[in-house]
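Have a look at the structure below before the remarks.
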Amino acid sequence: VSAGDLPGGKPVYFGSYREVFSRDLYEAVTGMLADGDVATARAATRFLFERQQTAAGNMPRNSLLNGQAAPDTGGVQLDETAYPILMAYLTGLSSDLTLYRDHVRPAADYLVSHGPSFGNERWEEQGGFSPSTIAAEIAGLTAAAHIARVQHDPAHARLYQAVADDFQRTIKGL
């Protein structure tokens, strides 16, 4: 059944493990890369940016298979925005100017303006600081800094790396 079907005018709801979480897709993408399937890993990364990403730059907690926010998406979880940036770096998409300008930079800017803790953290939708989420933010922002350098955007590269370094230096005190 298509995630876009609207029986009786209402969206089909399958439950969270039939939905797309970028943190889970990150795990699948690393497996694809280990297996040498770069094309599918890149397609999965592009799905998150092109179908899931919101106008604010973040990713929803989870989406339906068509990229629409799931009915149970709940609040923002920052690792869900950090992982796609890391995926863009790992899958070799750093040289794609359109992806950087329209997707990676807005996602990284969202992390800079909302991190290291904002809304719900990843473990059962509770607030607070999560070492796992902050580690994902550090990795995502470091990847964004690399991509910004490849895109000849040194100001954003310095900003993203400086924020990642600040998160890393202060994590123990949070």
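What is the extension gain from residue 39 to residue 72, computed as 0.36 nm multiplied by their sequence separation minus the C-alpha to C-alpha distance, in nm to one decimal?
8.9 nm
Compute the helix-to-body angle for 154-170: its Cα long axis versus the longest principal axis of the chain, expressed 0 to 90° and rounded to tens.
The angle comes out at about 90 degrees.
Check which residues have an amide H placed less than 5 Å from residue 61's amide H, if you skip close sequence neighbours.
Close amide H contacts, sequence-distant or interchain: 77.
Using 1/(1 + (r/R0)^6) with R0 = 22 angstrom and r between the beta carbons of residue 158 and residue 56, what's the FRET efficiency to the nearest 0.05?
0.45
Short version: what are the Cα gyration tensor semi-axes of the chain, square root of 5 times each eigenvalue, largest first, in whole Å?
Output for the chain: semi-axes of 26, 20, 14 Å.
Please give the residues of region 43-80, grouped as numeric ranges, whose backbone N is less than 20 Å from a label point set 7 Å along the Cα-to-Cβ vector of residue 102.
Within reach of a label on residue 102, which here means backbone N under 20 Å from a point 7 Å along Cα→Cβ, region 43-80 contributes 43-60, 66-69.
Got a sec to turn the phi values of region 56-70 into Karplus ³J(HN,Hα) couplings, 6.51 cos²θ - 1.76 cosθ + 1.60 with θ = phi - 60°, whole Hz, x for Gly and Pro?
6, x, 7, 9, x, 3, 7, 9, 6, 5, 8, x, 5, 4, 6
What is region 35-112 by shape, rounded, prolate or oblate, if you read a ≥ b ≥ c off the alpha carbon gyration tensor as root eigenvalues and call it rounded for a/c under 1.5, prolate for a/b larger than b/c, and oblate otherwise?
Cα axes put region 35-112 in the oblate bin.
Give me the one-decimal nm value for the distance between modelled label points at residue 30 and residue 132, 7 Å along each residue's Cα-to-Cβ direction.
Here the answer is 1.2 nm between the modelled labels.
So how do 79-88, 135-144 stack up, highest first, on mean other-Cβ count within 10 Å? Mind dumping the intermediate values first?
Values: 79-88: 28.3, 135-144: 24.8.
Ranked from most to least packed, the peptides come out as 79-88, 135-144.
In whole Hz, with x marking every Gly and Pro, tabulate ³J(HN,Hα) for region 90-103 from phi via Karplus 6.51 cos²θ - 1.76 cosθ + 1.60, θ = phi - 60°.
3J(HN,Hα) across region 90-103, in whole Hz: 5, 8, x, 9, 4, 8, 7, 4, 5, 4, 5, 5, 8, 10.
Just the accessible area per residue of region 44-117, please: how many Å² with a 1.4 Å probe? Mind showing how you got there, number by number?
Values: 2580 Å² over 74 residues.
Ligands and nucleic acids excluded, the figure is 35 Å² per residue.
Could you work out the relative contact order of region 36-174? I mean the mean sequence separation of Cα pairs under 8 Å and 6+ apart, divided by the number of residues, in percent.
Over region 36-174, the number comes to 23 percent.
The values are calculated or read from the model by the stated rules, or taken from the named source; none is laboratory data. None of the values given here were measured: they were computed from a predicted structure. Heads up, the Cβs are rebuilt from the backbone with ideal geometry, glycines too, and the neighbour counts pull from every protein chain shown. We work out accessible area using only protein heavy atoms, side chains counted, and drop any ligands, DNA or RNA first. Shrake-Rupley method; radii C 1.70, N 1.55, O 1.52, S 1.80 Å.
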